[in-house]
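**Student:** Structure provided below as structure tokens; questions to follow.
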Amino acid sequence: MKYTNKFLGALCLTAFGFASCADDYSLLDYEVGQMPADLAAVEYLKEYDDVKTYVDREANPNFKLGAGVTVSSYNEGGIDYRMAAHNFDEVTAGNAMKYSSVVANDGSMEFGPVENFVEKAQAAGQTIYGHTLAWHSQQNNKYLNNIIADIIDPNYVPEYVPVTKVENRTCIIVPAGEKVENPWDHQFFLTFPGVSFAEGDTWSVKMNIRADKNTSNIDTQTHTGPGGYIHYEGIGNIAFTTEWTEYSNSGTMKSQQAGGNTFAFNLNAFAEANNYYFDDISFMLNGEELVVNGNCDDPEGTTNYVSVAYKQPQGPSTIVDSYEYTVMEEKKVIQNVERTCIMVESQDMVSAAWDTQFWLFFPDASFEKGQTVTVSMDVRAEKPATAGTQTHKGPGGYIHWAGIGTIVFDTDWTTYTYTGSIDNDAMVGGNAFAFNLNDFKEANKYYFDNISLKLNGVELVSNGDLDGDDMTNFVAKEYPAANGSAARKIEGYSIEVPGGRTPLTPEEKKDTLMWAMDNWIKGMMTATKGYVSTWDAVNEPISGTGGEFYDLWSADNGDASKNFYWQDYLGDEEYVRFVIAKAREYYTGEEPLKLFVNDYNLESDWDQNKKLKSLIHWIEVWESDNTTKIDGIGTQMHISYYENPETLASKNAAIENMFKLMAATGKLVKISELDLAYVGADGKVIKSKDLTEEQIKTLSDYYKYIVETYMELIPANQQYGITLWCPIDSPASSSWRGGEAVGLWDGNYNRRHTYAGFADGLAGKE
């Protein structure tokens, strides 16, 4: 039988800072699905009131209990809206207030859903926590990259020049000169000695083909041996293009083809000189394959392949392992790139992969077995290439073939990372890693920047960003030099780019993006009409990589194909300062504006809360101008309960340390995104459907622990509040913790044991 939750009845809502009664507003009863079979186990949950009523308002007068919501569902005013209105003081939009949800590809902004969200929250007497003004993820990359793209001259007429290219592929090549008299002046024969076609034989042919020039149809004929014409029909008329394509056909032998064993390709059906290519050749007669060496891997395997040129004798077709061809490409111009980095130039390989080398050298180090090695560096090359690495004792003092992995170079800058260990006895005592740049045999130029190498977490590289003059750690040998010397530091390099375009200077890109950020913040503040007084001003800025303190995210340590790193253009310091200043400039509300910096993994036990320590450091940097003010820190706690007691103890210690560190800043502290899952003794998450009653109760106790710890360790005047990111259990189909028991309600809006644990934590119940 169904039962009905009665706790969402009609009421007058009181918002923070003002009193309001919505006209003719009613929150209706709603049905929630089947009552659980074990009624006794959950009967006590009916006695609980709305969860927000358990906040001790006297002890925690500024505390706000929040919920993450899907704005489209909330705006509909249905069950999700009614439940949120009754149970939570505040709501946070999951996605609707993010840049990519508002800004279109042409830069126009659609704030309709945001404006409706504000109206619905006002009607419910709820505040809104703004999420988020500045972030590198969920940006409109297409629009942002477009406004800083090269300026293209509409009147520019490109010049095209012939470019010779080489393709490494085993195949048959048949050169054909210009047509002199007949289509058969030049021919290729597919021949099968010892075979005799019979009327009614079934056949099928398949082959990959290309030519240096697009052709009209090349006709084929049936012969009794190459040159022994018997019938004008063969295996069809074939069109060649400059790209490899597959030709296939099938049919039945006619009486006129009987006695034949060869197909002729009349290559001068196309009158111009051309080169024709054949590969992956198959000819089936009555289901039997007749072609030997169809993949052309054997250069001597020409039994089935014969060619003839104008007034020349027949001979075996030529099988090559590569070929040259010419294409017309737009002539490029030289563009100078300003970037301080290391360049190592290689010539064609003379004798070995180590003809040209680059070393990371640490004169005062001596590798010990078991040491962990962590490497990060930006790399590029003028031609795509790879380089193996070795362990040396001093540059050139080879001791072991293993090093720090194989490095892949592209024509664009990429970040190479490696984590490993000194796990071979032969590596012990080394103090250098060699890069064998002639693994790629052709002449090339290799570039290195932002170099970091740590042994057991201790940075060994000095001047990794190459801003200084110390080159102690960087050694290079460029053939024909016999020995290495200090690597060459350059201030820039040249690249070839299409003509008719002018790249924006770094200053122009910065100005353009500051305009875009200004436009975005002004638009959002206008749309929210001063009602949203608290914001994630900057979201998830800390990368989790770097030295003493983690660096901010950037294209160097992130993925620029998916994200847009404003800080790469505006600067690590000015980026945040600009966002803070513009938010304060355009805010029009009566309530004091509170601006937070929000991040995840601040409770990390694997690095002793280093990410939080780094965030606090960066806040100090941003505020060091004595103008910028950041009001609070938000922590995203997407965490789990662990059955393993050692793991749980480590996690809990880091959580408590996080709250202590945050409290010590004197700033407001908010758990901005809280959800919990359950991890079994095997280290795997147990889905909601598989949890036992006792495990759910344990999860309830853990919710209570998290809330109580926050209330205990964060002083009341610094408590902004807690936001449940997933009030409802995540559906199995969800991309966010799908099927996990993260909510206070199940998928049918029934209270779970976690409801009680969370409420008891708020109430301080023993």
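The values are calculated or read from the model by the stated rules, or taken from the named source; none is laboratory data. A quick note: this is a predicted structure, and the numbers were derived from the prediction, not measured. FYI the Cβ positions are ideal-geometry reconstructions off the backbone, even for glycines, and counts take in every protein chain you see.
**Student:** In segment 56-75, how many residues are part of a loop (DSSP other than H, G, I, E, B) and either buried (at least 22 other Cβ atoms within 10 Å of the Cβ) or at pLDDT 95 or above (or both)?
**Tutor:** 1
**Student:** Can you tell me which residue among I728, I714, I706 is under 21 Å from V71 (Cβ atoms) and crowded, with 18+ Cβ neighbours inside 10 Å?
**Tutor:** Matching residue, one of I728, I714, I706: I728.
**Student:** All but one of (1) out of contact with any Ser or Thr (no Cβ under 7 Å at 6 or more places or on another chain); (2) closer than 30 Å to N456 by Cβ hold for T372; which doesn't?
**Tutor:** Result: T372 passes all but (1).
**Student:** Working only within segment 133-182, note down all residues that are modelled with pLDDT under 95, part of a strand (DSSP E or B) and farther than 30 Å from E243 by Cβ.
**Tutor:** Hit for segment 133-182 is I151, nothing else.
**Student:** Then there is this: Could you please find all residues in segment 206-256 being within 15 Å of F278 (Cα to Cα) and hydroxyl-bearing (S, T, Y)?
**Tutor:** T215, T220, T241, T242, T245, Y247, S248
**Student:** While we're here: Among the residues of segment 193-201, are any more than 20 Å from Y310 (Cα to Cα) and free of Cβ contacts under 8 Å to residues at least 24 places away in the same chain?
**Tutor:** There is no residue in segment 193-201 that is more than 20 Å from Y310 (Cα to Cα) and free of Cβ contacts under 8 Å to residues at least 24 places away in the same chain.
**Student:** For segment 425-526, give me every one of the strands (runs of 3 or more DSSP E) that falls completely inside it and has 2 or more residues that are among the small types (G, A, S) and within 22 Å of T386 (Cα to Cα).
**Tutor:** Fully inside segment 425-526 and qualifying: 432-436.
**Student:** Check segment 149-159 and report whether any residue there is touching a Gly at 6+ places or on another chain (Cβ under 7 Å) and among the charged types (D, E, K, R).
**Tutor:** yes
**Student:** So, V91, is that one crowded, with 18+ Cβ neighbours inside 10 Å, on the phi < 0 side of the Ramachandran plot, of a type in the set (A, V, I, L, M) and in contact (Cβ under 8 Å) with a residue 60 or more places away in the chain or not?
**Tutor:** No: the conditions fail for V91.
**Student:** Contact list please: Cβ distance under 8 Å, first residue in segment 524-535 and farther than 14 Å from F117 by Cα, second residue modelled with pLDDT of 95 or more and of a type in the set (D, E, K, R), pairs at least six apart or on different chains.
**Tutor:** Within 8 Å, the pairs are S533/E591; S533/K594; T534/K594; W535/K594.
**Student:** In addition: State all residues of segment 267-319 that are at negative phi and small (G, A, S); if no residue qualifies, say none.
**Tutor:** Passing the criteria: A269, A271, A273, S282, G294, G301, S307, A309, G315, S317.
**Student:** If we scan segment 178-197, do we find a residue that is surrounded by 12 or more Cβ atoms within 10 Å (Cβ to Cβ), over 28 Å from T326 (Cα atoms) and touching a Leu at 6+ places or on another chain (Cβ under 7 Å)?
**Tutor:** yes
**Student:** Among the candidates P395, P363, which residue alone is touching a residue at least 24 places away in the same chain (Cβ under 8 Å), in contact with a Phe, Trp or Tyr (Cβ under 6 Å, 6 or more places away or on another chain) and either of a type in the set (A, V, I, L, M) or part of a loop (DSSP other than H, G, I, E, B) (or both)?
**Tutor:** P395
Rundown of residues vs (1) touching a strand residue (DSSP E or B) at 6+ places or on another chain (Cβ under 8 Å); (2) over 27 Å from T372 (Cα atoms), yes/no style:
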| site | (1), (2) |
| --- | --- |
| A426 | yes, no |
| Y447 | yes, no |
| N450 | yes, no |
| L455 | yes, no |
| L466 | yes, no |
| Y493 | yes, yes |
| V497 | yes, yes |
| K509 | no, yes |
| M514 | no, yes |
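**Student:** Report yes if E740 is buried (at least 16 other Cβ atoms within 10 Å of the Cβ) and either touching a residue at least 12 places away in the same chain (Cβ under 8 Å) or touching a helix residue (DSSP H, G or I) at 6+ places or on another chain (Cβ under 9 Å) (or both), otherwise no.
**Tutor:** yes
**Student:** Conditions: (1) outside the structural domain of S734 (by TED's automatic domain parsing); (2) touching a Cys at 6+ places or on another chain (Cβ under 7 Å). D675 meets all but one. Number of the miss?
**Tutor:** In the conditions (1) outside the structural domain of S734 (by TED's automatic domain parsing); (2) touching a Cys at 6+ places or on another chain (Cβ under 7 Å), D675 misses (1) alone.
**Student:** Let me ask you something else. Just name the residue that is nearest to S196 (Cα to Cα) out of those in segment 265-323 that are aliphatic (A, V, I, L, M) and assigned to a strand (DSSP E or B).
**Tutor:** Out of the qualifying residues, it is L285.
**Student:** So, one more: Which residue pairs have Cβ atoms under 9 Å apart, sit 6 or more places apart or on different chains, and have a first residue in segment 106-121 that is in contact (Cβ under 8 Å) with a residue 60 or more places away in the chain and a second that is loosely packed, with under 13 Cβ neighbours inside 10 Å?
**Tutor:** Note: pairs meeting the criteria are G107/N146.
**Student:** Only residues in segment 145-161 that are within 27 Å of D559 (Cβ to Cβ) count as the first member; pair them with residues that are of a type in the set (S, T, N, Q), Cβ under 7 angstrom, at least 6 apart or cross-chain, and list the lot.
**Tutor:** Filtered contacts from segment 145-161: I147/T512; I148/T512; D150/T502; I151/T502.
**Student:** Filter the strands (runs of 3 or more DSSP E) completely within segment 572-687 down to those with at least 2 residues that are over 29 Å from the mean Cα position of the chain (by Cα) and surrounded by fewer than 21 Cβ atoms within 10 Å (Cβ to Cβ).
**Tutor:** Here the list is empty.
**Student:** Being over 23 Å from V292 (Cα atoms) and in contact with a helix residue (DSSP H, G or I) (Cβ under 6 Å, 6 or more places away or on another chain) is true for just one of E199, E233, E243. Which residue is that?
**Tutor:** The unique qualifying residue is E199.
**Student:** Moving on to the next point. Given the conditions (1) under 28 Å from K522 (Cβ atoms); (2) part of a loop (DSSP other than H, G, I, E, B); (3) in contact (Cβ under 8 Å) with a residue 24 or more places away in the chain, report the number of the one that D556 does not fulfil.
**Tutor:** Of the numbered conditions (1) under 28 Å from K522 (Cβ atoms); (2) part of a loop (DSSP other than H, G, I, E, B); (3) in contact (Cβ under 8 Å) with a residue 24 or more places away in the chain, the odd one out for D556 is (1).
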